[in-house]
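**Student:** Quick one: structure below, then a few questions.
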Amino acid sequence: MDFVPSPPPEYVPGHGLLKGKTVLVTAAAGGGIGFAVAKRCAEEGADIVISDIHERRLGEAQEKIAEITGKPCPGIICNVADQEQVDAMFDFAIERLGHIDVLMNNAGLGGTANVVEMTDEQWLRVIDVSLHGTFRCTRRAMQHMMPRGAGVIVNNASVIGWRAQKGQSHYAAAKAGVMALTRCAALEAAEAGVRINAVSPSLAMHPFLYKVTSNELLEELTSKEAFGRAAEPWEVANVMVFLASDYSSYMAGEVLSVSSQHP
């Protein structure tokens, strides 16, 4: 009998998991995990500030979330590769929200290049956004949250930090670094009542992925998923919301695989 891929499930309605919480989401524009988690946080009752490096897409995301919440969604341009912009983003969010309960640390950058042909610029650009950017935002969030004795940071890693894939050495190294950063920083933060965890998605399909990945590779990766399909971005966002919520109160330094992929 031929295997028939499972269809995506119905969208899960909000349950107030983040009611009364304040959330800052990085890389929240477009149609990927960042926007999905921003939308999900708003639906779960949080007051949010979103950021992105793309001005037009950020504005579009603000409008969509405002339609959901019935109130303006504050947003700010931020390149996480620039510490001054990271500081400005946090200052803006704190001014608008009063304080930040949750950081959804989503900004990252991928690409495809074999090591033998990869330039320093290609390597450093991916590392600077995906790893250094995560570090910059994590550090700034810890500086804000630890004196308050409360807060949650959710980082976005990738299963490629565990699993090998040709052409992805820079991205894999960055995401493995995000996992290690999450584990080590979590031990420091836990002493002050702040929790840091990460998600590790395998394959979440969104428009940007089609622009940077060949159809052949997407088909190959999809074939390895147990459900015979990629995850919807909101399915990853659901797990990030779980980690941000009080339901994960005993978790620190964990990296949750959001995957149905088999070897």
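**Student:** Quick one: would you say residue 108 is assigned to a helix (DSSP H, G or I) and either under 16 Å from the mean Cα position of the chain (by Cα) or without any contact (Cβ under 8 Å) to a residue 40 or more places away in the chain (or both)?
**Tutor:** On the way: assigned to a helix (DSSP H, G or I): no; either under 16 Å from the mean Cα position of the chain (by Cα) or without any contact (Cβ under 8 Å) to a residue 40 or more places away in the chain (or both): yes.
Spelling it out, it is not the case that residue 108 is assigned to a helix (DSSP H, G or I) and either under 16 Å from the mean Cα position of the chain (by Cα) or without any contact (Cβ under 8 Å) to a residue 40 or more places away in the chain (or both).
**Student:** For residues that are within 21 Å of the chain's Cα centre (by Cα) and buried (at least 16 other Cβ atoms within 10 Å of the Cβ), tally how many sit in the stretch 112-126.
**Tutor:** Of all residues in the stretch 112-126, those within 21 Å of the chain's Cα centre (by Cα) come to 112, 123-126.
Within this subset, residues satisfying the condition of being buried (at least 16 other Cβ atoms within 10 Å of the Cβ) are 112, 123, 126.
Selection size over the stretch 112-126: 3.
**Student:** Is it true that residue 75 is under 21 Å from residue 240 (Cα atoms) and modelled with pLDDT under 95?
**Tutor:** Values: under 21 Å from residue 240 (Cα atoms): yes; modelled with pLDDT under 95: no.
For residue 75, the condition - under 21 Å from residue 240 (Cα atoms) and modelled with pLDDT under 95 - is not met.
**Student:** Restricting the search to the stretch 129-150, which residues are small (Gly, Ala, Ser) and either crowded, with 22+ Cβ neighbours inside 10 Å or part of a helix (DSSP H, G or I) (or both)? Give the derivation first.
**Tutor:** From the stretch 129-150, those small (Gly, Ala, Ser) are 130, 133, 141, 149-150; that's our starting set.
Across the stretch 129-150, the qualifying residues are 130, 133, 141.
**Student:** Turning to a different aspect of this structure: Filter the stretch 13-35 for residues that are touching a Phe, Trp or Tyr at 6+ places or on another chain (Cβ under 7 Å) and crowded, with 24+ Cβ neighbours inside 10 Å and give the result.
**Tutor:** If the condition is that a residue be touching a Phe, Trp or Tyr at 6+ places or on another chain (Cβ under 7 Å) and crowded, with 24+ Cβ neighbours inside 10 Å, then 28, 29 are the ones that fit.
**Student:** Just checking, which of 214, 249 is polar (S, T, N, Q), modelled with pLDDT of 90 or more and surrounded by fewer than 17 Cβ atoms within 10 Å (Cβ to Cβ)?
**Tutor:** Being polar (S, T, N, Q), modelled with pLDDT of 90 or more and surrounded by fewer than 17 Cβ atoms within 10 Å (Cβ to Cβ) holds for just one of 214, 249, which is 249.
**Student:** Considering 100, 153, 77, 160, which residue is within 17 Å of the chain's Cα centre (by Cα), aliphatic (A, V, I, L, M) and surrounded by fewer than 19 Cβ atoms within 10 Å (Cβ to Cβ)? Spell out the reasoning first.
**Tutor:** Values: 100 fails: surrounded by fewer than 19 Cβ atoms within 10 Å (Cβ to Cβ); 153 fails: surrounded by fewer than 19 Cβ atoms within 10 Å (Cβ to Cβ); 160 fails: surrounded by fewer than 19 Cβ atoms within 10 Å (Cβ to Cβ).
Testing whether each residue is within 17 Å of the chain's Cα centre (by Cα), aliphatic (A, V, I, L, M) and surrounded by fewer than 19 Cβ atoms within 10 Å (Cβ to Cβ) leaves just 77.
**Student:** Looking only at the stretch 7-54, count every residue that is among the aromatic types (Phe, Trp, Tyr) and modelled with pLDDT of 95 or more and tell me the total.
**Tutor:** First, the residues of the stretch 7-54 that are among the aromatic types (Phe, Trp, Tyr): 11, 35.
Restricting the remaining residues to those that are modelled with pLDDT of 95 or more gives 35.
Summing the residues that are among the aromatic types (Phe, Trp, Tyr) and modelled with pLDDT of 95 or more in the stretch 7-54 gives 1.
The values are calculated or read from the model by the stated rules, or taken from the named source; none is laboratory data. These numbers were taken from a predicted model, which means no experiment stands behind them. Virtual Cβ from ideal backbone geometry, glycine too; neighbours counted across all protein chains shown.
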